[in-house]
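Student: Next up is a structure, given as structure tokens.
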Amino acid sequence: MATVRPFRGIRPTAELAPHIAALPYDVYNRKEACEEVAKEPYSFLKIDRAETQFPDSVDTYDPQVYERAKKTLNDMIRSGCFIQDRWKSYYLYELTMDGRSQTGIVGCASVDDYDSEVIRKHENTREEKEIDRIRHVDICDAQTGPIFLTYHRDEFLQRVIENWKERKPNYDFVSDDGIRHRVWTIDDAKTVQEIGEAFEKIDRLYIADGHHRCASAVKVGKKRRQQHPDYTGEEEYNYFLSVLFQEDELKIYDYNRVVKDLNGLSAEEFLEKAGEKFQVEKTGQEQVRPRQKGEFGMYLDGSWYRLRIKDEYLCDDAVEGLDVSLLQNHLLAPVLGIENPKTDSRIDFVGGIRGLSELERRVKSDCRAAFSMYPTSIAELFAVADEHRLMPPKSTWFEPKLRSGLFIHKLSD
């Protein structure tokens, strides 16, 4: 059963919350992060990406960068930019984009649940990507970027969310990208107890986004256990900051593909090869957004095409039956020679939030063809994770993104 604990959150003041809240650290490259901090001096990026406070000659992963992150965080706490709640609480975090809202419960999930696969994964992590966040969390003694978890619908928790949202929120602001953010603190002792008990009846949680941050948080927790062999399991480092959404709250966007060349084929030869396993319909200037599983849009030489995988190549396997797998296994690999999309520089990925016009732009600038995808579903994510398997890279794109800096979980609290 899942353990999700309340915690004494460190949060920005209501006045500063809109200025502090920042997109996840890995959304930006160094130049973009520096520009953001220059534009908004309170941005949490100056903690999450403390290299923004150094000249370019200082390496992003220099030890002094992490020490600066720690100092900046502690200075902002001391100066009153952040406050710490007196009682262990849960929080509600609502994000509204394009008129659609999703609300998650903010709490701390368990390191042990990660190890025992009560918390299920669908993506591999790479150690080199973990090391940076391990250092950041360990030196700051705090988790600053929440893990995005999801779970099957629970009627009791849904009622708690709906009832609590009738109260006045702690925060209510619209960020520069048009996303509305609202936060409530659940500090009523009875409700806090009931939420914890409700999660104990849920047999599994799923990582939607943030696999590397999650793995990093777990490794810091295990490091602390080694340093304190007499640990009881109650220490804060045994838990990591999470926002948990019910499955029907979420929307997965398409994660589209662009390719740099046609592997030596002419457009005519490529279309002929594609026709062996796909039904191909030319739509001309009409953009193709797939309407169902097994359907793909393709932009090539100024024209759009609708591709539909032929029935004999459909598959019921949880991984091989994903649309990203069907395109990879029946077109990208055998025809274009892109065997490993993780490492092949001839393929790139475009989040669906950017729209189909971005695919056209890429083909006109630096690519040869683009493919629009039908979004992977939450049910497909659950199915892959429940089989303890992994999705191909770039299978899911979640929007809106959780902001960092609204909730901080101290490990030694």
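Student: Only one of ASP48, ASP132 is modelled with pLDDT under 95 and either among the small types (Gly, Ala, Ser) or touching a Phe, Trp or Tyr at 6+ places or on another chain (Cβ under 7 Å) (or both). Can you tell me which? Show your work before the answer.
Tutor: Values: ASP48 fails: modelled with pLDDT under 95.
None of the others qualify; the one that does is ASP132.
Student: Within the set of pairs 6 or more residues apart or between chains, which connect a residue that is within 12 Å of VAL280 (Cα to Cα) and in contact (Cβ under 8 Å) with a residue 40 or more places away in the chain inside segment 293-318 to a residue that is of a type in the set (Ser, Thr, Tyr) and not in a loop (DSSP other than H, G, I, E, B) with Cβ atoms less than 6 Å apart?
Tutor: Taking only residues 6 or more apart or on different chains, the pairs are GLY297/SER372; MET298/TYR305.
Student: In segment 314-340, what residues are more than 19 Å from GLN292 (Cα to Cα) and either buried (at least 19 other Cβ atoms within 10 Å of the Cβ) or not assigned by TED's automatic domain parsing to the domain that holds LYS273 (or both)?
Tutor: Taking segment 314-340 as the starting set, the residues that turn out to be more than 19 Å from GLN292 (Cα to Cα) are 332-340.
Once the filter is applied, which keeps residues that are more than 19 Å from GLN292 (Cα to Cα) and either buried (at least 19 other Cβ atoms within 10 Å of the Cβ) or not assigned by TED's automatic domain parsing to the domain that holds LYS273 (or both), segment 314-340 yields LEU332, LEU336, ILE338.
Student: What tally of residues in segment 1-30 results from selecting those that are modelled with pLDDT of 95 or more, among the polar types (S, T, N, Q) and farther than 28 Å from ASN238 by Cβ?
Tutor: Summing the residues that are modelled with pLDDT of 95 or more, among the polar types (S, T, N, Q) and farther than 28 Å from ASN238 by Cβ in segment 1-30 gives 1.
Student: Within segment 196-211, track down each residue that is buried (at least 21 other Cβ atoms within 10 Å of the Cβ) and in a helix (DSSP H, G or I).
Tutor: PHE199, the sole residue that qualifies.
Student: Select from segment 1-33 the residues that are of a type in the set (A, V, I, L, M) and in a loop (DSSP other than H, G, I, E, B) and list them in ascending order.
Tutor: Residues of segment 1-33 that are of a type in the set (A, V, I, L, M), as a first pass: 1-2, 4, 10, 14, 16-17, 20-23, 27, 33.
Once the filter is applied, which keeps residues that are of a type in the set (A, V, I, L, M) and in a loop (DSSP other than H, G, I, E, B), segment 1-33 yields MET1, ALA2, ALA14, LEU16, ALA21, LEU23.
Student: Out of curiosity, is LYS223 closer than 27 Å to ASP98 by Cβ, outside any strand (DSSP E or B) and in the same structural domain as ILE20 (by TED's automatic domain parsing)?
Tutor: Values: closer than 27 Å to ASP98 by Cβ: no; outside any strand (DSSP E or B): yes; in the same structural domain as ILE20 (by TED's automatic domain parsing): yes.
Against the criterion (closer than 27 Å to ASP98 by Cβ, outside any strand (DSSP E or B) and in the same structural domain as ILE20 (by TED's automatic domain parsing)), LYS223 does not qualify.
Student: Report yes if SER89 is hydroxyl-bearing (Ser, Thr, Tyr) and either within 30 Å of SER377 (Cβ to Cβ) or surrounded by 15 or more Cβ atoms within 10 Å (Cβ to Cβ) (or both), otherwise no.
Tutor: Numbers: hydroxyl-bearing (Ser, Thr, Tyr): yes; either within 30 Å of SER377 (Cβ to Cβ) or surrounded by 15 or more Cβ atoms within 10 Å (Cβ to Cβ) (or both): yes.
It is true that SER89 is hydroxyl-bearing (Ser, Thr, Tyr) and either within 30 Å of SER377 (Cβ to Cβ) or surrounded by 15 or more Cβ atoms within 10 Å (Cβ to Cβ) (or both).
Student: Would you mind stating whether PHE245 is aromatic (Phe, Trp, Tyr), in contact with a Leu (Cβ under 8 Å, 6 or more places away or on another chain), within 30 Å of LYS410 (Cβ to Cβ) and crowded, with 17+ Cβ neighbours inside 10 Å? Please lay out each step first, then the result.
Tutor: Values: aromatic (Phe, Trp, Tyr): yes; in contact with a Leu (Cβ under 8 Å, 6 or more places away or on another chain): yes; within 30 Å of LYS410 (Cβ to Cβ): yes; crowded, with 17+ Cβ neighbours inside 10 Å: yes.
So PHE245 fits the description; yes.
Student: Continuing with the same structure: Filter segment 134-182 down to residues that are part of a loop (DSSP other than H, G, I, E, B) and on the phi < 0 side of the Ramachandran plot, then give me how many there are. Walk me through how you get there before you give the answer.
Tutor: The first filter runs over segment 134-182 and keeps only residues part of a loop (DSSP other than H, G, I, E, B), leaving 141, 144-146, 152-154, 165-170, 175-179.
If we keep only those that are on the phi < 0 side of the Ramachandran plot as well, we get 144-146, 152-154, 165-170, 175-177, 179.
Final tally of qualifying residues: 16.
Student: Name the strands (runs of 3 or more DSSP E) wholly within segment 59-118 that hold at least 1 residues that are over 24 Å from the mean Cα position of the chain (by Cα)? Working first, answer last.
Tutor: Details: elements: 82-84, 90-97, 100-110.
The strands (runs of 3 or more DSSP E) meeting that bar are 82-84.
Student: Evaluate segment 182-193: report whether one residue or more is surrounded by fewer than 18 Cβ atoms within 10 Å (Cβ to Cβ) and among the hydroxyl-bearing types (Ser, Thr, Tyr).
Tutor: Yes: one or more hits.
Student: Might you check whether a residue that is within 25 Å of the chain's Cα centre (by Cα) and within 16 Å of ASN263 (Cβ to Cβ) occurs anywhere in segment 312-324? Spell out the reasoning first.
Tutor: Keep residues of segment 312-324 that are within 25 Å of the chain's Cα centre (by Cα), which gives 317-324.
If we keep only those that are within 16 Å of ASN263 (Cβ to Cβ) too, we end up with none.
For segment 312-324, residues within 25 Å of the chain's Cα centre (by Cα) and within 16 Å of ASN263 (Cβ to Cβ): absent.
Student: Buried (at least 22 other Cβ atoms within 10 Å of the Cβ), touching a residue at least 24 places away in the same chain (Cβ under 8 Å) and not hydroxyl-bearing (Ser, Thr, Tyr): which single residue out of ARG49, ARG120 fits that description?
Tutor: Working: ARG120 fails: buried (at least 22 other Cβ atoms within 10 Å of the Cβ).
ARG49 is the lone residue from the list that is buried (at least 22 other Cβ atoms within 10 Å of the Cβ), touching a residue at least 24 places away in the same chain (Cβ under 8 Å) and not hydroxyl-bearing (Ser, Thr, Tyr).
Student: Within segment 88-100, can one find any residue that is touching a residue at least 12 places away in the same chain (Cβ under 8 Å), acidic (Asp, Glu) and under 30 Å from GLU194 (Cα atoms)?
Tutor: yes
Student: Still on this model: Residues HIS409, HIS388: which one is closer than 30 Å to ARG224 by Cα and either part of a strand (DSSP E or B) or without any contact (Cβ under 8 Å) to a residue 12 or more places away in the chain (or both)? Show your work before the answer.
Tutor: Numbers: HIS388 fails: either part of a strand (DSSP E or B) or without any contact (Cβ under 8 Å) to a residue 12 or more places away in the chain (or both).
The conditions single out HIS409.
The values are calculated or read from the model by the stated rules, or taken from the named source; none is laboratory data. Since the structure is predicted, the reported quantities are computational estimates derived from the model, not experimental observations. All Cβ positions, glycine included, derive from the backbone under ideal geometry; neighbour counts span all protein chains shown.
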